[in-house]
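Undergrad: Have a look at this one.
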Amino acid sequence: MNIVYFILFFIFGLFMGSFYTVVGLRLPIGENFILSRSRCETCHHPLSLLDMIPILSYLFLRGKCHYCKAKIDSLSTYIEFFTGLLFAVSYYSFGFSWNLVLALGIVSILVIVIVSDLTYLIIPDEVLIFFSIYFIVCRFFLEGLKGVIYHIGIGIFLFLVMYSIMLLGNKIFKKESMGGGDVKMMFLFGLVLDPLLGTLTIFLGSLFALPMSLVLYIKKNEKVIPFGPFLLIAFAFIFYTKMTSLDILKFLGF
């Protein structure tokens, strides 16, 4: 591993994490995340470039707005560091390859969905469409047109599996049991994973979400939690561990 590239990917991830936070906060409510200037959420004063340096600005300003001294939400700082770390880990895991491009795409949609789903319980269709195209292009360069068609088929299969689970849940609980974004996101998983690993994301996502669900229910009597981030964490976990269907079959004793 080249330590210089590792650091560069970390720094690049910091800036992308800042951008993804803006996308996740603005896109679901129809705000322009490209042309509109960032501003303080309290005094609404436009922020300068020096106010928006990832992590460093937050530290230098001691977590307070430069203009009104109101406390700054630390979410963006955590997201920046998290994204920078995952970008660096992506380079460490895959080097310069198409798998690195796939990994960076997985990190990107993970961060955006974490912000949007935790804030609004929404996964914007625009995000799913963009990254579906992104993964299709990657798949084309990896496996050609046949690979694209094969993985689109897997995506449709996973979408139908999750849609069936949603319908079953709606019938059992007599109410909406899952968001439409969670169902549509399964198509995207199929563009990267095979059918068995794609189905596994549902199980792992549920497993990851269970502790958080219990904590929120016990402490706040909260019965609705965003499932999308946990599905994406499972998706990333499977991809980064380089797990294969053969590994799963061996684990199950086949």
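The values are calculated or read from the model by the stated rules, or taken from the named source; none is laboratory data. Worth saying up front: this structure is predicted, and the values here are computed from it rather than measured. Please note: Cβ atoms are built from the backbone with ideal geometry, for glycine as well, and neighbour counts cover all protein chains shown. Only protein heavy atoms, including side chains, enter the accessible area calculation; ligands, DNA and RNA are left aside. Shrake-Rupley method; radii C 1.70, N 1.55, O 1.52, S 1.80 Å.
Undergrad: Which pairs in the list Lys64/Lys242; Lys146/Lys184; Lys146/Lys242; Lys171/Lys242; Lys146/Lys250 are over 32 Å apart, alpha-carbon to alpha-carbon?
TA: Lys64/Lys242; Lys171/Lys242
Undergrad: A further question on this structure: Out of every Cα pair in region 103-254, what percent are spaced more than 27 Å from each other?
TA: 22 percent
Undergrad: Follow-up. Please report the relative contact order for the chain, taking Cα pairs under 8 Å with a sequence separation of at least 6, and give it as a percent rounded to a whole number.
TA: So the answer I get is 19 percent.
Undergrad: Using a basic spin-label model with each label point 7 Å from the Cα along Cα→Cβ, how many nm lie between Phe157 and Ile53?
TA: 5.1 nm
Undergrad: Choose one answer from Phe227, Phe239, Phe141: the residue with the largest mean-square fluctuation in a GNM of the chain with alpha-carbon springs under 10 Å.
TA: Residue with maximal mean-square fluctuation among Phe227, Phe239, Phe141: Phe141.
Undergrad: If each Cα of region 113-191 is one equal point scatterer, what is log10 of I(q)/I(0) from the Debye formula at q = 0.17, 0.19, 0.27 Å⁻¹?
TA: Listed by q, the Debye log ratios stand at -0.71, -0.83, -1.17.
Undergrad: Moving on. Looking at the chain, what % of the alpha carbon pairs are farther apart than 28 Å?
TA: That fraction is 39 percent.
Undergrad: Given axes a ≥ b ≥ c from the Cα gyration tensor, I'd like to know whether region 153-197 is rounded (a/c under 1.5), prolate (a/b larger than b/c) or oblate.
TA: It comes out prolate by the Cα gyration axes.
Undergrad: ³J(HN,Hα) across region 79-93 via Karplus (A = 6.51, B = -1.76, C = 1.60, θ = phi - 60°), whole Hz, x for Gly/Pro?
TA: My calculation for region 79-93 gives 5, 4, 5, 4, 5, x, 5, 5, 4, 5, 5, 4, 5, 4, 7 Hz in order.
Undergrad: Moving to a separate point now. Over the chain, average the accessible area per residue using a 1.4 Å probe and give it in Å², no decimals.
TA: Details: 14470 Å² over 254 residues.
About 57 Å² of surface per residue is accessible.
Undergrad: How much of the accessible area of the chain, probe 1.4 Å, is carbon plus sulfur, in whole percent?
TA: Values: 10280 of 14470 Å².
Carbon and sulfur together cover 71 percent of it.
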